[in-house]
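Here is the structure we will look at, set down as structure tokens.
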Amino acid sequence: MLCRTCGKKGDHWTSRCPYKDLATQAESSFPDSVKPAASEAAGKEAAAAAAKAAYVPPSMRANADRSSVVGSDMRRRNEENSVRVTNLSEDTREEDLRELFNPFGPVSRVYVAMDQKTGVSRGFGFVNFVSREDGERAIRKLNGYGYDNLILRLEWATPRKTN
């Protein structure tokens, strides 16, 4: 195994390389078999980017298309057609909800809240429909429906409150 930072064989991984602070000087010491086949100019740009060590999101990069970015609207979800499903069993997964809601119309997104430590369902989830009519029909038919030994409760999801 070769370390990608220092190019040396050893008992350390790239993420724990003791020479990562010297990465820009170590690039010239790579063995010929490890050196990338890119041009020297590309190597200098990569070294400058590595020295800078700052993540630049794709929308902020030099050649990014900013016509579709509308400020913070990019992060907002379309919650207009979102149905909140409560009283789910611990065994319920996203695939189960998708299978249950697909007969009512196209589903764009399914989310089941899972406990991070145990990995089991927290008892609620969200299903986003492409059209509001499909969501309305699902609420009428499945509200009070017995699923996995529990009675489901469905309602329109309320938008998050922003601080």
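The values are calculated or read from the model by the stated rules, or taken from the named source; none is laboratory data. In this text the structure is predicted, and so the values were computed from the model without any measurement. Here the Cβ is made from the backbone with ideal geometry for all residues, glycine too, and neighbour counts use every protein chain on show.
Quick notes
Here's the yes/no breakdown for (1) exposed (fewer than 15 other Cβ atoms within 10 Å of the Cβ); (2) touching a Pro at 6+ places or on another chain (Cβ under 6 Å); (3) hydrophobic (A, V, I, L, M, F, W, C); (4) modelled with pLDDT under 90:
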| site | (1), (2), (3), (4) |
| --- | --- |
| R84 | no, no, no, no |
| S89 | yes, no, no, no |
| E94 | no, no, no, no |
| G105 | no, no, no, no |
| Y111 | no, no, no, no |
| F124 | no, no, yes, no |
| A138 | no, no, yes, no |
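- In segment 104-139, the residues that are more than 21 Å from P159 (Cβ to Cβ), among the hydrophobic types (A, V, I, L, M, F, W, C) and touching a residue at least 12 places away in the same chain (Cβ under 8 Å): F104, V120
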